[in-house]
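*Asks:* Quick one: the structure is below, questions incoming.
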Amino acid sequence: MSEKIKITLPDGSERQYDRGVTAMDIAKDISEGLARNVLSAKVNGEVRDALRGIDKDARLELLTWNNEEGKATMWHSSAHLMAEALEALYPGVKFGIGPAIESGFYYDVDFGDQQFDSENLKQLEDKMLELARQKNEYLRKEVSKTDALAYFQEKGDEYKLELIDELEDGTITFYTQGNFTDLCKGPHIPNTGFIKAAKILSVAGAYWRGDESKKQLTRLYGITFPKQKELNEHLEMLEEAKKRDHRKIGQELDLFTFSQKVGKGLPLWLPKGAILRERLENFLKKAQVKAGYDQVVSPHIGGKELYVTSGHYAKYGEDSFQPIRTPAEDEEFLLKPMNCPHHCEIYKSRPRSYKELPIRYAEFGTVYRYEQSGELHGLTRVRGFTQDDAHIFCRPDQVKEEFAKVIDLILYVFKALGFADFTTQVSLRDPDNPGKYIGKDEDWERAEAAIQEVANEKGLKTVVETGEAAFYGPKLDFMVKDALKRSWQLGTIQVDYSLPERFELEYTGSDNLKHRPVMIHRAPFGSLERFVAILIENTAGNFPLWLAPEQMSILPISEKYHDYAKEVFLLLQQKDIRGQVDERDEKIGKKIRDAEVKKIPFMLIVGEKECEERTVSVRAHGHGDQGSMSLNGFVDHFQGLVDELLK
RNA sequence: GCCUCCUUAGCUCAGUUGGCCAGAGCAGCGCACUUGUAAUGCGCGGGUCGUUGGUUCGAAUCCGACAGGAGGCUCCA
């Protein structure tokens with residue numbers, strides 16, 4: 001069998017190998033160093049074991065720790081390693097599923113009568129590393145369904161039996177490393193020796209197959225790395241994430257609070273948090289006016305029929321906050337879960353001509369949605385929140401231009417708020433399932449093409465996801481990475497063919513016939529609550545200067561300089577610079593410390609020298625003494641910094 | 001909603017196997033000090049130990065219910 005096959009590498013180069021060559025052989029052929037890092041391989045687009053033979057011409061990509069897929073392979077293999085360690089420590093445990101996840105892996109375990117508690121984590125980690133050092137290979141084996149069932153019957157693992165039951169004979173594979181064999185489609189890393197560091201992160205309950213009626217298993221979350229150093233860095237990052245938790249910083253900086261009496265999931269904004277919100281709103285309003293939006297206002301409740309028409313009643317009605325009834329007329333109103341139906345009615349308030357399109361209605365609309373109590377989380381998951389909502393009603397031929405304009409607006413917002421690292425996702429319809437979608441084929445085609453063209457023209461880093469579109473239209477989502485490389489979904493732009501249909505929206509065209517407009521929903525922030533939470537976690541509470549609730553604090557050295565301090569305060573107030581005079585009877589060191597802890601960007605120290613020279617001694621948060629400046633000098637410096645971000 | 005864990009002063013936390021009037025630091029209030037780049041000193045007030053039943057001679061501590069919070073509840077072998 002010395003037949004040759006052709007292997008094409010990602011750089012386009014081609015090499016000849018004997019049939020049955022493995023990705024690992026090829027890696028070794030390229031360089032030993034590469035071979036030491038190969039975790040798995042992508043063969044003609046399919047991720048496979050690096051040790052599995054290739055039997056026909058193929059495109060080959062070697063996957064290492066630097067690829068997401070390589071990491072996933074390693075983590076999935078780590079789940080097996082953890083299972084092996086568990087089986088060694090707790091004979092007779094049964095296993096559910098154990099996949100790799102975005103950051104690590106988990107395995108669902110049924111400990112039966114045995115106890116597992118968090119004190120045993122270290123022991124488990126040590127066992128994993130002990131087994132890893134044995135460098136056991138992950139061996140793949142195809143098994144018949146009968147044999148597979150027999151194996152787990154023998155083992156008494158009803159979960160695996162249930163899984164196998166749903167699989168087709170002839171497609172079933174087992175993987176074995178060391179003393180542990182698991183049902184698994186793979187792929188896996190070559191051997192356990194690649195795993196050099198392991199940490200079990202948390203223990204949680206999880207229903208078998210996510211079904212409340214089924215047994216609850218113990219889910220162990222873990223993560224592994226090829227180097228101890230990387231694990232340490234990861235743990236430091238988790239620590240840092242805890243410090244940046246918006247719930248903690250929100251309390252420390254007096255931004256928001258919750259009250260049992262008001263109700264869970266219903267945030268109360270404290271004065272400083274309210275300034276933050278207001279600044280964000282004004283900032284966006286100003287940008288939207290420039291971009292041709294009209295501000296509208298709609299009430300917090302709406303007649304039930306409104307939402308029946310829009311289709312939201314079906315989605316939010318039954319399992320949601322129940323309708324409010326008027327006592328005399330017995331009319332029903334719903335707390336509004338969405339602003340769009342109201343905006344549709346505004347559009348319908350009079351006949352529209354093609355000449356006035358696009359119409360762009362913007363509103364900071366507060367909406368209420370019932371979230372299950374277990375889903376609530378700080379400001380990111382709440383029951384009442386304010387969307388920076390807007391709806392653009394346009395002609396089908398205007399979709400592209402409107403999309404481009406919205407993208408510009410979102411990019412401007414991201415820049416002003418310091419989100420430099422982001423990607424976008426275009427969601428298109430599933431071509432195999434056209435019946436699922438509402439709207440004309442030609443409109444979809446035009447809109448989908450337009451979105452992709454604009455995204456390219458704007459140079460966005462874009463992933464295209466086919467089949468991810470909503471039934472009512474394609475969309476573009478923005479995902480930002482925060483300072484800790486965590487990904488958050490923020491802005492979204494969605495085309496909607498459904499609501500114009502449901503509300504029978506129309507405009508008169510140049511042909512004097514009635515046409516249906518296209519609606520575009522968009523929200524750069526998503527919701528103010530969620531956005532503030534992300535902003536807090538991204539900046540650790542060190543907000544951009546223009547947003548900071550307190551931009552400066554004037555710190556008099558002693559009581560003697562209070563008058564001068566107040567004079568400075570009034571002058572800065574006129575220049576729209578927010579802050580306060582720290583008139584407390586404290587030493588300057590204490591005042592500085594408190595201002596630093598509150599993350600106030602500028603501290604202006606005034607004593608005898610400043611008073612005489614009519615200057616301020618400037619200290620910048622986190623950067624120490626900046627020397628003294630004249631009053632106008634400081635104002636110019638300050639405004640220069642703000643303009644830099646907002647231009 | 002369900003599972004696990006948590007709830008002691010405004011905040012962060014002590015409180016040993018259930019046993020004298022429940023403690024500390026910070027914050028607050030009062031007094032003294034009149035201060036030069038990350039905490040001046042002294043004093044004072046503040047808690048029905050989440051709520052509510054129970055066990056006990058005796059409960060912050062043990063058990064139950066409820067409320068609130070945290071983590072999790074397919075990212076599919």
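*Asks:* Can you tell me which of A:554, A:536 is within 16 Å of RNA strand B (Cβ to nearest atom) and either surrounded by fewer than 22 Cβ atoms within 10 Å (Cβ to Cβ) or not in a helix (DSSP H, G or I) (or both)? Spell out how you get there, then give the answer.
*Replies:* On the way: A:536 fails: either surrounded by fewer than 22 Cβ atoms within 10 Å (Cβ to Cβ) or not in a helix (DSSP H, G or I) (or both).
The match here is A:554.
*Asks:* Additional query: I'd like the full set of residues that are assigned to a strand (DSSP E or B) and closer than 23 Å to residue A:313 by Cα, limited to segment A:347-361. Reasoning before the result, please.
*Replies:* We begin by selecting, within segment A:347-361, every residue assigned to a strand (DSSP E or B); these are A:353, A:359-361.
Within segment A:347-361, just A:361 meets the criteria.
*Asks:* Continuing with this model, one more query. Looking at segment A:142-151, which of the residues that are within 10 Å of RNA strand B (Cβ to nearest atom) and touching a helix residue (DSSP H, G or I) at 6+ places or on another chain (Cβ under 7 Å) is least open to solvent (accessible area, probe 1.4 Å)?
*Replies:* If we take residues in segment A:142-151 being within 10 Å of RNA strand B (Cβ to nearest atom) and touching a helix residue (DSSP H, G or I) at 6+ places or on another chain (Cβ under 7 Å), then A:148 is least open to solvent (accessible area, probe 1.4 Å).
*Asks:* Right, next: Considering only segment A:340-361, I want to know if a residue exists there that is within 16 Å of RNA strand B (Cβ to nearest atom) and closer than 27 Å to residue A:504 by Cβ. Please lay out each step first, then the result.
*Replies:* Just the residues of segment A:340-361 that are within 16 Å of RNA strand B (Cβ to nearest atom), to begin with: none.
Among the residues of segment A:340-361, not one is within 16 Å of RNA strand B (Cβ to nearest atom) and closer than 27 Å to residue A:504 by Cβ, which makes the answer no.
*Asks:* Would you check which residues across segment A:461-490 are among the small types (Gly, Ala, Ser) and either on the phi > 0 side of the Ramachandran plot or in contact with a helix residue (DSSP H, G or I) (Cβ under 6 Å, 6 or more places away or on another chain) (or both) and list them? If you could, list the steps in order and put the result at the bottom.
*Replies:* Start the filter on segment A:461-490 by keeping residues that are among the small types (Gly, Ala, Ser), which leaves A:467, A:469-470, A:473, A:483, A:487.
Within segment A:461-490, A:467, A:473, A:483 meet the criteria.
*Asks:* Specify which of the listed residues (A:39, A:51, A:34, A:63) is open to solvent by 20 Å² or more (accessible area, probe 1.4 Å) and under 20 Å from residue A:184 (Cα atoms).
*Replies:* Numbers: A:39 fails: open to solvent by 20 Å² or more (accessible area, probe 1.4 Å); A:34 fails: under 20 Å from residue A:184 (Cα atoms); A:63 fails: open to solvent by 20 Å² or more (accessible area, probe 1.4 Å).
The unique qualifying residue is A:51.
*Asks:* Which pairs have Cβ atoms under 9 Å, sit 6 or more apart or on different chains, and link a residue in segment A:579-602 that is among the aromatic types (Phe, Trp, Tyr) to one that is open to solvent by 80 Å² or more (accessible area, probe 1.4 Å)?
*Replies:* Going by the 9 Å Cβ cut-off, the qualifying pairs are A:602/A:626.
*Asks:* Kindly list, by first and then second residue, each pair from a residue in segment A:239-268 that is within 11 Å of residue A:540 (Cβ to Cβ) to a residue that is open to solvent by 80 Å² or more (accessible area, probe 1.4 Å) and more than 10 Å from RNA strand B (Cβ to nearest atom), limited to pairs with Cβ atoms under 9 Å and residues at least 6 apart or on different chains.
*Replies:* The qualifying pairs are A:249/A:243.
*Asks:* Please find, among A:463, A:454, the residue that is open to solvent by 40 Å² or more (accessible area, probe 1.4 Å) and hydrophobic (A, V, I, L, M, F, W, C).
*Replies:* On the way: A:454 fails: open to solvent by 40 Å² or more (accessible area, probe 1.4 Å).
After ruling out the rest, the residue left standing is A:463.
*Asks:* All but one of (1) assigned to a loop (DSSP other than H, G, I, E, B); (2) within 21 Å of the chain's Cα centre (by Cα); (3) under 19 Å from residue A:476 (Cα atoms) hold for residue A:371; which doesn't?
*Replies:* Tallying (1) assigned to a loop (DSSP other than H, G, I, E, B); (2) within 21 Å of the chain's Cα centre (by Cα); (3) under 19 Å from residue A:476 (Cα atoms), residue A:371 fails exactly one: (3).
*Asks:* Also, I was wondering about something else. Quick one: would you say residue A:9 is open to solvent by less than 40 Å² (accessible area, probe 1.4 Å) and either of a type in the set (Gly, Ala, Ser) or touching a residue at least 12 places away in the same chain (Cβ under 8 Å) (or both)? Reasoning before the result, please.
*Replies:* Numbers: open to solvent by less than 40 Å² (accessible area, probe 1.4 Å): yes; either of a type in the set (Gly, Ala, Ser) or touching a residue at least 12 places away in the same chain (Cβ under 8 Å) (or both): yes.
Spelling it out, residue A:9 is indeed open to solvent by less than 40 Å² (accessible area, probe 1.4 Å) and either of a type in the set (Gly, Ala, Ser) or touching a residue at least 12 places away in the same chain (Cβ under 8 Å) (or both).
*Asks:* Would you mind telling me which numbered condition in (1) open to solvent by less than 30 Å² (accessible area, probe 1.4 Å); (2) at pLDDT 90 or above; (3) within 25 Å of residue A:528 (Cα to Cα) residue A:352 fails?
*Replies:* Failed condition: (3).
*Asks:* Now a separate question. What number of residues within segment A:50-60 satisfy the criterion of being over 8 Å from residue A:22 (Cβ atoms) and either free of Cβ contacts under 8 Å to residues at least 40 places away in the same chain or not basic (Lys, Arg) (or both)?
*Replies:* Number satisfying all stated conditions: 4.
*Asks:* Test of understanding: among A:481, A:560, A:566, which residue is open to solvent by 20 Å² or more (accessible area, probe 1.4 Å) and touching a residue at least 60 places away in the same chain (Cβ under 8 Å)?
*Replies:* Numbers: A:560 fails: touching a residue at least 60 places away in the same chain (Cβ under 8 Å); A:566 fails: touching a residue at least 60 places away in the same chain (Cβ under 8 Å).
None of the other options fit; the residue is A:481.
*Asks:* Answer yes if at least one residue in segment A:113-129 is surrounded by fewer than 20 Cβ atoms within 10 Å (Cβ to Cβ), among the acidic types (Asp, Glu), touching a strand residue (DSSP E or B) at 6+ places or on another chain (Cβ under 9 Å) and assigned to a loop (DSSP other than H, G, I, E, B), and no otherwise.
*Replies:* Within segment A:113-129, one or more residues are surrounded by fewer than 20 Cβ atoms within 10 Å (Cβ to Cβ), among the acidic types (Asp, Glu), touching a strand residue (DSSP E or B) at 6+ places or on another chain (Cβ under 9 Å) and assigned to a loop (DSSP other than H, G, I, E, B).
*Asks:* Could you tell me which residue of segment A:328-349 is farthest from residue A:305 (Cα to Cα), considering only residues that are out of contact with any Ser or Thr (no Cβ under 9 Å at 6 or more places or on another chain), open to solvent by 60 Å² or more (accessible area, probe 1.4 Å) and in contact (Cβ under 8 Å) with a residue 24 or more places away in the chain? Working first, answer last.
*Replies:* Taking segment A:328-349 first, the residues out of contact with any Ser or Thr (no Cβ under 9 Å at 6 or more places or on another chain) are A:328-331, A:347-349.
Those still in the list that are open to solvent by 60 Å² or more (accessible area, probe 1.4 Å) too: A:328-331, A:348-349.
Adding the requirement that they be in contact (Cβ under 8 Å) with a residue 24 or more places away in the chain leaves A:331, A:348.
On the way: A:331: 10, A:348: 16 Å.
Applying the filter and picking the extreme gives A:348.
*Asks:* Can I ask one more? Would you tally the residues in segment A:406-415 being surrounded by 20 or more Cβ atoms within 10 Å (Cβ to Cβ) and either within 15 Å of residue A:531 (Cα to Cα) or outside the structural domain of residue A:362 (by TED's automatic domain parsing) (or both)? Show your work before the answer.
*Replies:* Step one: filter segment A:406-415 for residues surrounded by 20 or more Cβ atoms within 10 Å (Cβ to Cβ), giving A:406-407, A:409-410, A:413.
With the extra rule that they be either within 15 Å of residue A:531 (Cα to Cα) or outside the structural domain of residue A:362 (by TED's automatic domain parsing) (or both), the set shrinks to A:410, A:413.
Final tally of qualifying residues: 2.
The values are calculated or read from the model by the stated rules, or taken from the named source; none is laboratory data. This structure is a prediction, so every number in the text was calculated from the model and none was measured. FYI the Cβ positions are ideal-geometry reconstructions off the backbone, even for glycines, and counts take in every protein chain you see. The protein model used for the area step is the full one, side chains on, heavy atoms only, and it has no ligands, DNA or RNA in it. Shrake-Rupley method; radii C 1.70, N 1.55, O 1.52, S 1.80 Å.
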